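Heads up, the thing below is written out as structure tokens.
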Ligand code: SF4
Ligand code: MG
């Protein structure tokens, strides 16, 4: 569970007049075992920051990350180490995350060695089999640069699964791959999820990929969560004007629907997160904004079961902009 998470970056020292940047502003959500929650939104909306806070790569300014019932900030050293093995991350560029001077054997044995497991050789070979790199003996002595992007991502996935993770944060993990390789990696991740009940926080700007991977989708705009719900509801009946605009800009697989679908063009650029607009942060670009929108910030509230939306006029948004 992420609870009221806020992350503010300050620049320029104590007496600086530059306003702090609120990268994440009061975001809460849960992820269940075996579930994939996708986090979507334009770049700079705070998605990656949330992933980094969950992975303990950066501290939140306020709020909590609760994992298996314990607040990550209050764990003692032993519990923190244990939790760390259950939380793993897969990055966009496995080349950056795999040490170029190590062999696959060294890379994949590292988690076992850190955990004090000595007889790791068979486990390393098993991991390679699990991610479809067979026969493993053919791969285990090679270095990262000898592999394709897809194979490198398989190695990164193998490493993430070494110690039975419970949650994997995958940040744009297939964005650098071509379409056919991407499909294979997504299929592998789904299979591993079915076999291990791992949860994914799947951070992506690619709505096609999100639709095929996610059970639920959380949409962010300028550091705020604006809508969260089951994947079919988000794609078939998006309730927030921003979600509707994002979807209208993303191609749909059916050519006939693609040709006839309505496009919502947003005015202007994303405002600076150091000076977010008053009231609803989306009001400067929203096609249905009204005076109230710049005065009062909408809270995230459930309009239907398990589908909360932060918009004063989401009922109008449905009728007006989407159908
Ligand atoms: Fe648009 Fe107002 Fe809803 Fe914000 S609250 S999304 S500005 S209609
Ligand atoms: Mg990012």
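Tabulated data
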quantity: Candidates 38, 73, 80, 32, filtered to the one that is modelled with pLDDT of 95 or more and more than 16 Å from residue 223 (Cα to Cα); calculated: 32
quantity: Condition broken by residue 23, with the remaining ones in (1) out of contact with any helix residue (DSSP H, G or I) (no Cβ under 8 Å at 6 or more places or on another chain); (2) in a strand (DSSP E or B); (3) under 28 Å from residue 249 (Cβ atoms) satisfied; calculated: (1)
quantity: Sole residue being in contact (Cβ under 8 Å) with a residue 24 or more places away in the chain, more than 16 Å from ligand 2 (Cβ to nearest atom) and farther than 16 Å from residue 33 by Cα, chosen from 223, 208; calculated: 208
quantity: Flag if residue 162 is in contact with a helix residue (DSSP H, G or I) (Cβ under 9 Å, 6 or more places away or on another chain), more than 16 Å from ligand 2 (Cβ to nearest atom) and within 22 Å of residue 109 (Cβ to Cβ); calculated: yes
quantity: Test: residue in the stretch 153-170 that is surrounded by 19 or more Cβ atoms within 10 Å (Cβ to Cβ), touching a residue at least 60 places away in the same chain (Cβ under 8 Å) and within 24 Å of residue 243 (Cα to Cα); calculated: yes
quantity: Selection count, the stretch 235-246, where residues are away from ligand 2 (no atom under 16 Å from the Cβ), touching a residue at least 40 places away in the same chain (Cβ under 8 Å) and crowded, with 17+ Cβ neighbours inside 10 Å; calculated: 7
quantity: Residues within the stretch 32-71 that are over 10 Å from residue 169 (Cβ atoms) and in a loop (DSSP other than H, G, I, E, B), tallied; calculated: 17
quantity: Matching option when the condition is surrounded by fewer than 22 Cβ atoms within 10 Å (Cβ to Cβ), over 16 Å from residue 24 (Cα atoms) and within 10 Å of ligand 1 (Cβ to nearest atom), among 317, 289, 302, 249; calculated: 289
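The values are calculated or read from the model by the stated rules, or taken from the named source; none is laboratory data. None of the values given here were measured: they were computed from a predicted structure. Positions of Cβ are backbone-derived with ideal geometry, glycine not excepted, and every protein chain shown enters the neighbour counts.
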